[in-house]
Structures are given as C-alpha cells and as structure tokens.
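Scroll down for the structure; my scribbles are underneath it.
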Amino acid sequence: MEPLSENAAPVDLATLEEIRQVKYRYLRCVDLKLWDELAAVFTPDATVDYGTQVYGKPLKLDGRDAIIGFLRKNLGPTMITVHRAGQPEITVDGDSAEGIWSFEDTVIATEFKVVITGAAFYRDRYQRGEDGRWRIAHTGYVRTYEAMMSLDDLPSFRITAQLGEPRDEKTDRADTVVQ
C-alpha cells in the first residue's frame, strides 16, 4: 500500500467503517464457526494465503467454496480459536480497497493437545459488490512469529468453558476437560 498523496480525495468514513466491519465479521465467524455467515464476507472468487507453518508450508486457497470448505473441515469443534485484529491501514479507490491489519491468534487443538499462538499482518483486498456491500476478495498474512506448545507440558491446563459444550446447570461449568 502506498501512502496517501497530498492530492488524495477525502475518504468516506462510512466506507472505512463498512470495511472494518467486514473484517471483524470474518474473525468472529471463524471463531464461532458460523460458516454460512462467513461465506457472505467473501467474493465468489476470493483467495487466501495463510502464512502459517502448521501445515509445513503456507496455505493458499482459491474461491469462496474452497475457503469455507477448508475452514469447516479443519476448524471444527475440537479447534478453539481466538483471532484479534486492529490498527487497520485502509485505502479506498472507488469500489476497491486494500487494508493492512495487525493480528494475533491463539488456537487450542484439543484433539492433538497443542496450543498455537502467533502474530502477523494481514494484507487484504476488498471489493464493493453490485449490492453495495464490501466483501473480502483476498486475505493473507506472513507470520511475524508462530509458537507451539504441547498441553502435555502443562499438566494443570484445563478448559472450563467451550463453545457448544453442554453446561452443568448446578455448577455452571462445561462438562469437557482436556487432559
């Protein structure tokens, strides 16, 4: 992204907020596993380039259906995720926009007894559709760091609440404990 020149047109603050909202919706839907709602944030031909090393190489996907299919398959109920993004730098050019976002994430893979944490800078492209809604045309990042630890190294680690887990009404605690 290039810095704005002195002659740059003023930016519509409502447009910036709409773009922020689509990014925040993306993160929320991933963490809450709202796959149908997540599909609505992408253009049909969207691409992703996740710079994680968990799969041994960066992950590249083409098309909204491939993106949602991958996330649905690989971030199921045994994967607890938390994504935070902020400090957006957004430039708008008509019906297209670019953004850079600082982000941090935590993934708890309960089935594999692993916690992954990391940080990166997302680089996104956005497109305004014929319906006037902004969508993600591309999102991707290269990690500034990624760390992994075994839950076996943390014998006192317990998950006391988890999305979708039944609750014990007497204790108001989740029934699941990862050991």
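Here are some notes:
- On segment 34-130, 50 percent of the accessible area sits on carbon and sulfur atoms, based on a 1.4 Å probe.
- Over segment 33-124, Cα pairs under 8 Å with separation of 6+ residues give a relative contact order of 20 percent.
- Sorted largest first by accessible area at a 1.4 angstrom probe radius, with every protein chain in place, the residues Arg128, Arg123 fall in the order Arg123, Arg128.
- Backbone HN-Hα couplings from phi across segment 40-48 [Karplus 6.51/-1.76/1.60, Hz, Gly and Pro as x]: 5, 8, 9, 6, x, 9, 4, 10, 10
The values are calculated or read from the model by the stated rules, or taken from the named source; none is laboratory data. It should be emphasised that the depicted structure is a prediction, and the values quoted were computed from it without experimental measurement. When the accessible area is computed, the model is the full protein with side chains, heavy atoms only, and any ligands, DNA or RNA have been set aside. Shrake-Rupley method; radii C 1.70, N 1.55, O 1.52, S 1.80 Å.
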